[in-house]
1. Within region 163-173, does at least one residue satisfy the condition of being outside any loop (DSSP other than H, G, I, E, B) and out of contact with any strand residue (DSSP E or B) (no Cβ under 8 Å at 6 or more places or on another chain)?
2. Which of (1) out of contact with any Gly (no Cβ under 9 Å at 6 or more places or on another chain); (2) closer than 23 Å to Asn13 by Cα does Val220 not meet, given it meets every other one?
3. With (1) surrounded by 21 or more Cβ atoms within 10 Å (Cβ to Cβ); (2) assigned by TED's automatic domain parsing to the domain that holds Leu20; (3) of a type outside the set (Phe, Trp, Tyr) as the list, and Ala238 as the residue in question, which single condition is left unmet?
4. Report whether or not Met161 is buried (at least 21 other Cβ atoms within 10 Å of the Cβ), touching a helix residue (DSSP H, G or I) at 6+ places or on another chain (Cβ under 9 Å) and at pLDDT 95 or above.
5. Residues in region 138-156 that are at pLDDT 85 or above and on the phi > 0 side of the Ramachandran plot: how many?
6. Does Tyr215 meet the test of being at pLDDT 75 or above, aromatic (Phe, Trp, Tyr) and touching a Cys at 6+ places or on another chain (Cβ under 9 Å)?
7. Can you tell me which residues in region 61-76 are surrounded by 14 or more Cβ atoms within 10 Å (Cβ to Cβ) and more than 27 Å from Met178 (Cβ to Cβ)?
8. For region 133-144, give me the residue count where each residue is touching a residue at least 24 places away in the same chain (Cβ under 8 Å) and either surrounded by fewer than 13 Cβ atoms within 10 Å (Cβ to Cβ) or touching a Phe, Trp or Tyr at 6+ places or on another chain (Cβ under 7 Å) (or both).
Amino acid sequence: MSPDAMVSIVIVNYNAGELLHRCLESIAWQTYPSWEVIIVDNASQDQSLRSVGQFDQVTVIRNSDNMGFAAAQNQGLGLAQGCYLMPLNFDIEMTPRFLDEMVAAMELSPTIGIVTGKLMAMSTDGRHLNTFYSAGHVMPANGYALHRGEGESDHGQYDEMCEVFGAPGAAPLYRREMLEDIAFRGQYFDESLFTWYEDVDLDWRAQRLGWRCVYTPKAVAYHLGHPEGHGGNLWQLAIGIRNRWLVVLANSDFRAGTVLSLIHISEPTRLLSISYAVFCLKKKNKNIPTQTDYHYNRTTHDKQ
């Protein structure tokens, strides 16, 4: 381990409740010696920040408005001091050696820009389950990114370190040099996405520029996520479909003749929600961009 290999953990908080406290506890239990935590609060209305003062090495930034996950992460990452950066969801609980194992995997090669661990599911009452949330992102030909192993019981099938397409945004580890290399118009996460699929977009940019992503099964964490899925309400459904298509259009060698092969089997009856998405998103938050604001064609790398 490099002596100066600080890990900067950035947590975007939005009405996290007790989940934030439990997440911070799991960070405090880490055996890895060098880390800092930056919490960016997106105008939470609950009391989730009340216990933050109990923890050392934590900086809190309070936003007056909900900037969205992508913009708030960029805000925190911009203040980070570490050479390794970890966006962390507040509904993650890490086992004590999680950071140790993530850094060990990163330091196997300077060409590794992203590391993902063994993310297992967690129940709404905090029980750690023997069910996979994700063993890394995989990217099928249709451009619909999937979680490797999602929903499977763990019986050792993902116990080997290997390369994968990318890392779920719940608890990835990024090399600072990689983030600077792939930044698009000064942004690590594309803020026009607001939330969801910003991690897949980042994976894709890293892949195109030759950075590798490694999955390490020794780094174990538990993630609550969205038990009901991202389609829990119309707003979630709309932004999920919108962002998935925008990320595909921005990063793939898209051809009009392949459009039907890119439609996920569950989407045809739901695509009409995209037209309503613009109305919903703008009404909810005027700062959320529509499709016309998005950087559509990024197949040629642009770092303006």
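The values are calculated or read from the model by the stated rules, or taken from the named source; none is laboratory data. This one's a predicted model, so the numbers in the text were calculated from it and none came from an experiment. When we count neighbours, we look across all protein chains shown, and the Cβ atoms used for this are built from the backbone with ideal geometry, even at glycine.
1. Scanning region 163-173 turns up no residue that is outside any loop (DSSP other than H, G, I, E, B) and out of contact with any strand residue (DSSP E or B) (no Cβ under 8 Å at 6 or more places or on another chain).
2. (1)
3. (2)
4. no
5. Selection size over region 138-156: 3.
6. Here the answer is yes, as Tyr215 does meet what is asked.
7. Listed by number, the list holds a single entry, Asn66.
8. Selection size over region 133-144: 6.
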